[in-house]
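Enquirer: Mind looking over this structure? Questions follow.
The values are calculated or read from the model by the stated rules, or taken from the named source; none is laboratory data. It should be emphasised that the depicted structure is a prediction, and the values quoted were computed from it without experimental measurement. All Cβ positions, even for glycine, are placed from backbone atoms using ideal geometry, and neighbour counts span all protein chains on display. All accessible areas refer to the heavy atoms of the entire protein, side chains included, with ligands and DNA or RNA removed. Shrake-Rupley method; radii C 1.70, N 1.55, O 1.52, S 1.80 Å.
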Amino acid sequence: MKGAQILIELLKREGVEVIFGYPGGAVIDIYDVIYETPEIHHILVRHEQGAAHAADGYARSTGKVGVCMATSGPGATNLVTGLATAYMDSIPIVAITGQVGTPLIGKDSFQEADITGITMPITKHNFLVTRVEDLAFIVREAFYIASSGRPGPVVIDIPKDVQQKTTEFVYPEKIKIPGYKPTYRGHVKQITLAAAAIMEAERPLLYVGGGVITSGASAQLLELAEKTDIPVVHTMMGKGTFPESHPLSLGMLGMHGTYWANKAVMNCDLLIAVGARFDDRVTGKVDTFAPKAKIIHIDIDPAEIGKNVKSDIPIVGDARLVLGELVKRVERKTHPQWREEIETFKRAYSPPYKESPKLLPHHVITLIYEKTHGENTILVTDVGQHQMWAAQMYRCEKPRTWVSSGGLGTMGYGLPASIGVQIGNPDKRVILISGDGSIFMKIQEMVTAVNYGLPLKIFVMNNSYLGMVRQWQGCLYKKRYSCTRLHNPDLAVVARAFGAEGLTVKTQAELEQAIDKALAIQDRPVLVDCHVAEEENVLPFVPPGKSLEEMILE
Amino acid sequence: MQHIISVLVENKPRVLARVASLFARRGYNIESLAVGPTQDPQISRITLVVHGNEDILEQITKQLYKLIEVIKVGDFTNTSYVDRELALIKVNAPAAVRSEVAQIAEIFRARIVDVEEKSLTVEVTGTPDKIDALEQLLRKYGIIEMTRTGRIALARGSKSL
Ligand SMILES: Cc1ncc(C[n+]2csc(CCOP(=O)(O)OP(=O)(O)O)c2C)c(N)n1
Ligand SMILES: [Mg+2]
């Protein structure tokens, strides 16, 4: 079999149904095999970054490994932002890149780029295949590494001659990676200590992140929280881990977290971190974070333990297994006093949802939520103020219903990620909340969405600003709005030019009809250009480097 | 505090680049790095000398373990080990001082490995302190050039990493 055929055979055996990609000279042999492989659906994007984000959105929403493909040189380098995005959020992707033929490597050959060198710090691992005999092993290892332990993106760089050479195909039944053995089961002694700490605590708090989603630990989390009456705060990545309508849910913590979530962190006596990594956007000034609390830190990645915050009871393991064990070792208990204290935090502050004749982002997001209640819906966002508003106001009840770039904060992620989400979930409603800055970063993927008839519902919070940066300039740089004003074309017209539906909403009165219309269209994407108030701020706001106590509230 | 850490890695292309890139990216300083084969042709050993407190060392170790091709990481601090470094020092040695230089080398059990009309090259093995001391003494004759390998180390006794 030729290398290219071996690759596709392996992908089939890994259960790959979709590849997001873009062809070129160095992958033409692979595309030649794809031509005769009906089992694998290839989605042609319009920029390789879109392929990586689409594979990422597919992976986040389905839990499967996302696959993307690009040619050598510029094709491969265009994947970079997508890989870095997936790496920061621990998303399993296998990226296949073509490479110049092995005799040409290192000679600055046409369309040569050292993609394994370039992606070393932004992938979990990468491979340059130098012999066709190694290919089958490498593909299997790549999928295993991408999806196991703490997941992440893996690049397989395949030179053109390796794709063309033939060898006998033997499916590698076993793979052996001597240095890679993720720890899934938590240490029993540590779990017992954690159980004791939970039983002793008077003001315990669960702080949960994306790891809970990766591990599929939501049921165990709910069981633990309810059995021991522990309130839950989640990170942005942790949206959907714990039902936000649940009385124990305090919403998101951190820079734009709820007042009461942050107050609870500052006042708890036990903080149980699960699949969360004490990111600076969450902790604020890190040495002031959860000052009164003993810390239990559950994570599958040992390197996260003690990286940003010292923990008293570290537990390395898979959240689902560890929480499962923990639940067995705790007794039922309640914390009426602590719950009451939290109620006083809630009463002390209500978000500045001021009445205004103008159309506010709040109106749009709240009405979208009211119209859908998140049912059968996956919400995707771009990056900026609109993302934070969506995180604050759109409630998620189930895992894998919130898809957003957290760690890297990649503007432009939203549209291509939505494509991946819709391809992976043809029966679900996919809503994208974007901004007028973000949408233009990958607007060309409207072509892809139209070509494949994807009924994406795209709501652009058009504030004519790079709003989040403007907010910082407003609060921290004396309102010197340097280079953040945007002069945009008419977005509805842009959408229509692509073959999508384009709607414009300028007033509160027009909103409901537009949302209804957008939700009703099933055969093509709809973009709703929402002209929202220009200078709204996301609140609360913990200025960077400040303690969670120093929230700006209005 | 100084730590000598030993890293067993799969003998594959780019492993060294991965280790070096990790240190650069995470802001850890490497004082020296030596790499070479082990008794198993599939495994290489990288010996690193790094500075840092316990917390940093713990992070370094964990981050190294995250590299797929890293098999084992050991810190020799607080253990019993032998460590050696090798240096080649080319020093000015015109006839007038030649025997003096040779004598100094002798005291350090350094070997003269190359002789030329105006210079000598000595090879010395030992702990970094010993090499530093020899270097110090040879300085006054004028060191033309020198190179050091970086430290390598093994645990004492029959234990292995
Ligand atoms: C690729 C990229 N470039 C720059 C930034 C920095 N940045 C963060 S938010 C933001 C503004 C986003 O503007 P928009 O999409 O209009 O959203 P808004 O904040 O106005 O809701 C910028 C420029 C980024 N996160 N990503
Ligand atoms: Mg904007």
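Enquirer: Restricting to the range A:511-530, name every residue that is open to solvent by 30 Å² or more (accessible area, probe 1.4 Å), touching a residue at least 24 places away in the same chain (Cβ under 8 Å) and either farther than 17 Å from A:Val430 by Cα or assigned to a helix (DSSP H, G or I) (or both). Lay out the reasoning, then the answer.
Expert: Pass one, the range A:511-530, residues open to solvent by 30 Å² or more (accessible area, probe 1.4 Å): A:512-513, A:516-517, A:520, A:522-524.
From the residues that got through so far, the ones that are touching a residue at least 24 places away in the same chain (Cβ under 8 Å) too are A:512, A:516, A:522-524.
Of everything in the range A:511-530, those that are open to solvent by 30 Å² or more (accessible area, probe 1.4 Å), touching a residue at least 24 places away in the same chain (Cβ under 8 Å) and either farther than 17 Å from A:Val430 by Cα or assigned to a helix (DSSP H, G or I) (or both) turn out to be A:Glu512, A:Asp516.
Enquirer: Here is a check on your reading of the model: is A:Glu112 touching a strand residue (DSSP E or B) at 6+ places or on another chain (Cβ under 9 Å), assigned to a loop (DSSP other than H, G, I, E, B) and of a type outside the set (Val, Ile, Thr)?
Expert: Yes, satisfied.
Enquirer: Does at least one position in the range A:458-465 carry a residue that is more than 16 Å from ligand 2 (Cβ to nearest atom), under 19 Å from A:Val430 (Cα atoms) and open to solvent by less than 10 Å² (accessible area, probe 1.4 Å)? Spell out the reasoning first.
Expert: Initial filter on the range A:458-465 (more than 16 Å from ligand 2 (Cβ to nearest atom)): none.
Taking every residue of the range A:458-465 in turn, none turns out to be more than 16 Å from ligand 2 (Cβ to nearest atom), under 19 Å from A:Val430 (Cα atoms) and open to solvent by less than 10 Å² (accessible area, probe 1.4 Å).
Enquirer: Of all the residues that make up the range B:119-149, how many are modelled with pLDDT under 95 and assigned to a loop (DSSP other than H, G, I, E, B)?
Expert: The number of residues fulfilling the criteria is 1.
Enquirer: Being out of contact with any Cys (no Cβ under 9 Å at 6 or more places or on another chain), free of Cβ contacts under 8 Å to residues at least 24 places away in the same chain and open to solvent by less than 60 Å² (accessible area, probe 1.4 Å) narrows it down to one residue among B:Ala87, B:Ala102; which is it? Spell out how you get there, then give the answer.
Expert: Details: B:Ala87 fails: free of Cβ contacts under 8 Å to residues at least 24 places away in the same chain.
Exactly one residue qualifies, and that residue is B:Ala102.
Enquirer: Still on this structure: For B:Leu120, state whether it is hydrophobic (A, V, I, L, M, F, W, C), open to solvent by less than 40 Å² (accessible area, probe 1.4 Å) and over 19 Å from B:Glu85 (Cα atoms). Please lay out each step first, then the result.
Expert: Details: hydrophobic (A, V, I, L, M, F, W, C): yes; open to solvent by less than 40 Å² (accessible area, probe 1.4 Å): yes; over 19 Å from B:Glu85 (Cα atoms): yes.
When the stated conditions are applied, B:Leu120 passes them.
Enquirer: Would you check which residues across the range A:415-430 are farther than 12 Å from A:Ala495 by Cβ and either out of contact with any Ser or Thr (no Cβ under 8 Å at 6 or more places or on another chain) or within 16 Å of ligand 1 (Cβ to nearest atom) (or both) and list them?
Expert: As a first pass, look at the range A:415-430 and keep what is farther than 12 Å from A:Ala495 by Cβ: A:416-430.
Once the filter is applied, which keeps residues that are farther than 12 Å from A:Ala495 by Cβ and either out of contact with any Ser or Thr (no Cβ under 8 Å at 6 or more places or on another chain) or within 16 Å of ligand 1 (Cβ to nearest atom) (or both), the range A:415-430 yields A:Pro416, A:Ala417, A:Ser418, A:Gln422, A:Ile423, A:Pro426, A:Asp427.
Enquirer: Oh, and also: If you check A:Leu553 against the conditions, is it surrounded by 16 or more Cβ atoms within 10 Å (Cβ to Cβ) and out of contact with any Lys or Arg (no Cβ under 6 Å at 6 or more places or on another chain)? Break it down stepwise before answering.
Expert: Details: surrounded by 16 or more Cβ atoms within 10 Å (Cβ to Cβ): no; out of contact with any Lys or Arg (no Cβ under 6 Å at 6 or more places or on another chain): yes.
No.
Enquirer: Of the conditions (1) within 11 Å of chain A (Cβ to nearest Cβ); (2) in a helix (DSSP H, G or I), B:Leu8 satisfies every one except a single condition; which number is it?
Expert: That leaves (2) as the condition not met.
Enquirer: Please enumerate the residues belonging to the range A:482-509 that are part of a helix (DSSP H, G or I) and touching a residue at least 24 places away in the same chain (Cβ under 8 Å).
Expert: Listed by number, the residues that qualify are A:Leu491, A:Ala492, A:Val494, A:Ala495, A:Phe498, A:Gln508.
Enquirer: Quick check on this structure: which one of A:Thr85, A:Thr77 is assigned to a helix (DSSP H, G or I), touching a residue at least 24 places away in the same chain (Cβ under 8 Å), under 17 Å from A:Gly414 (Cβ atoms) and hydroxyl-bearing (Ser, Thr, Tyr)?
Expert: Numbers: A:Thr77 fails: under 17 Å from A:Gly414 (Cβ atoms).
Sole residue among the options that is assigned to a helix (DSSP H, G or I), touching a residue at least 24 places away in the same chain (Cβ under 8 Å), under 17 Å from A:Gly414 (Cβ atoms) and hydroxyl-bearing (Ser, Thr, Tyr): A:Thr85.
Enquirer: Let me ask something else about it. Yes or no: the range A:395-410 includes at least one residue that is outside any loop (DSSP other than H, G, I, E, B) and either more than 15 Å from the chain's Cα centre (by Cα) or without any contact (Cβ under 8 Å) to a residue 60 or more places away in the chain (or both).
Expert: At the first step, the residues of the range A:395-410 found to be outside any loop (DSSP other than H, G, I, E, B) are A:402-403.
From what's left, either more than 15 Å from the chain's Cα centre (by Cα) or without any contact (Cβ under 8 Å) to a residue 60 or more places away in the chain (or both): none.
No: the range A:395-410 contains no residue that is outside any loop (DSSP other than H, G, I, E, B) and either more than 15 Å from the chain's Cα centre (by Cα) or without any contact (Cβ under 8 Å) to a residue 60 or more places away in the chain (or both).
Enquirer: Additional query: Can you find a residue that is within 11 Å of chain B (Cβ to nearest Cβ) and either within 31 Å of the chain's Cα centre (by Cα) or farther than 25 Å from B:Val19 by Cβ (or both) anywhere in the range A:91-111?
Expert: no
Enquirer: Regarding the range B:54-63, can at least one residue be identified that is farther than 28 Å from B:Ile131 by Cα and either more than 14 Å from chain A (Cβ to nearest Cβ) or buried (at least 20 other Cβ atoms within 10 Å of the Cβ) (or both)?
Expert: There is at least one residue in the range B:54-63 that is farther than 28 Å from B:Ile131 by Cα and either more than 14 Å from chain A (Cβ to nearest Cβ) or buried (at least 20 other Cβ atoms within 10 Å of the Cβ) (or both).
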